[in-house]
Amino acid sequence: MIDAPAHEAKAFFDAGDFERSREAALRGLSGNPDDVILLRLAGRASSELGRDDAVEYLQRAVELEPDDPDGFRDLAEAFLFQNRLNDAMAAIQQAIELRPDDVSGLIDLGYGALAAGRTDDAIAQFTQAVERDPGNVAARRALLDAYRLAGRNDDALKAAENLLQLQPDDVLTTIDAADLNLALGRSDAAVMEYQRLTAVDDEPEHEVYAYHGMIQAEIQRDQWRRALDLAIEATRVDRYGRTTDLLAYVVSQVFGAADRPAPTRAEVDAALAASQSEHRRLHTEGLGF
C-alpha cells in the first residue's frame, strides 16, 4: 500500500509537477529514509529537473531492492539524463538479467550501442529483441535502421519487407523499401514501391518525392522516354520547382543539348539523393531515428 507522502509525490509526478513531486518525496524521506517508493519518486523527479542528486536516490533504491528490474530502469534513465552512457547501459543490462523478456530494455541497449559507435553490438541487441517478440514494430524498425547505418542494404531490405508484412501501409518503411531497392539496383522493385508510396503517403505535397524516385529508377536503367514522362508528371505536382533542373536534364538526354546548359549527371544524382533524404526526414522527425 502506498502511504500518504508517496501518494502525494506520485500524484504530482503524474501531473508533470516535478518540483512539488520532489518536495513531497523528500518530506516523506525525512521520516522514512529507506522507503523505496519515495526514493524512486525523488530520483525520477530529480532526473526530470536535471538535479545531480537523482542517481543518489535511485542507487539507494536498487540497493534496498536489488531484485526489482524497474528500479534499475529508473536508474538507467537518470544516468542518461547525466549523459553517463556506460553506467546507463550497465543498469539496463541488470534490468534485463532480472527480467529476460524485457524487449524494451534490449532496444534501449541497442540504441546505447549505436550511440557508442558499436553498430554490430546494436544489431545483435535488436535481433535478439525481434526474436523474443517478432511482432514488436519498434524492435524491427530499430533493426532496419541499424542495418542501414551499417551499410548492410540487403539485410536492411529484408528487414523492411518483414516490417511491411506487419504494417503494409507504413509510409516510412515503404520509403525504406523503395530507396533500398534502388540502391541495390533493383529498378523494377523500386518503381513498384515508389508507385505504392503515392497511395500510402497521404500528404499531397509529398507526391513529388515518389515521382523523383521513379525517375531515378528509370535513369538507372537508361529508360529515358519513361523518365521524361515521369518528369513531366512530377512538374504538375511540384509546387516549389524542385523538378525543373531534373526535367531539363532528361530532356537533354532524349532530344540532345539545348541552348541553355542542362545540369550534369552528378548534379542530378545529388539532387535526387537530397530528395530521398528530405522525404525520409519528413517521416522520421519526432521518432528518434
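Every read-out reported here was derived from the displayed coordinates using simple, explicitly stated rules and does not represent laboratory data. Just so you know, these numbers come straight off a predicted model, no measurement behind them. A quick note on method: Cβ atoms are made from the backbone with ideal geometry, for glycine too, and the neighbour counts reach across all protein chains shown.
General remarks:
- Potential extension, Glu63-Arg186 segment - 0.36 nm per residue separation minus Cα distance: 38.7 nm
- Centre separation in Å (Cα based) which lies between the stretch 132-176 and the stretch 1-22: 39
- Whole-angstrom gap from the stretch 193-226 to the stretch 39-67, using each part's C-alpha centre: 51
- Amide proton proximity set for Asp35, modelled H, under 5 Å, gap of 5+: none
- Value of relative contact order over the stretch 168-289, rounded to a whole percent, pairs C-alpha under 8 Å and six or more apart: 22
- Restricting the stretch 199-248 to trypsin sites (Lys or Arg not before Pro) that sit in a DSSP loop and have at most 10 other Cβ atoms within 10 Å of their own Cβ leaves Arg239.
- The shape of the stretch 190-289 can be summarised by an equivalent ellipsoid whose semi-axes, obtained from the alpha carbon gyration tensor, come to 24, 14, 12 Å from longest to shortest.
- Answer label, with percent of Cα pairs over 34 Å apart calculated from the coordinates and candidates [x] 19; [y] 12; [z] 42: [z]
- Note on the stretch 270-286 and the stretch 68-85: Cα centroid distance 33 Å, given to the nearest whole angstrom.
- Our estimate of slack between Arg27 and Thr284, defined as 0.36 nm per intervening residue step minus the Cα-Cα distance, is 88.3 nm.
- Scanning the chain for long hydrophobic helices, with DSSP H runs required to stretch 27 angstrom or more by C-alpha along their axis and to average at least -1.0 on the Kyte-Doolittle scale, returns 265-284.
- Lys/Arg +1, Asp/Glu -1 at C-beta; the chain dipole; positive extreme among Leu98, Ala270, Ala227: Ala227
- Loop-resident sites, the stretch 218-278, for chymotrypsin sites (Phe, Trp or Tyr not before Pro), counting at most 13 other Cβ within 10 Å (DSSP): Tyr240
- Asp52 paired with Ala273, simple spin-label distance in nm, labels 7 Å along Cα-to-beta-carbon: 4.6
- Take the Cα of Leu166, go 7 Å toward its beta carbon, and the backbone nitrogen atoms of the stretch 120-142 under 14 Å from that spot belong to 126-142.
- Percentage relative contact order, the chain, counting C-alpha pairs under 8 Å, at least six apart: 8
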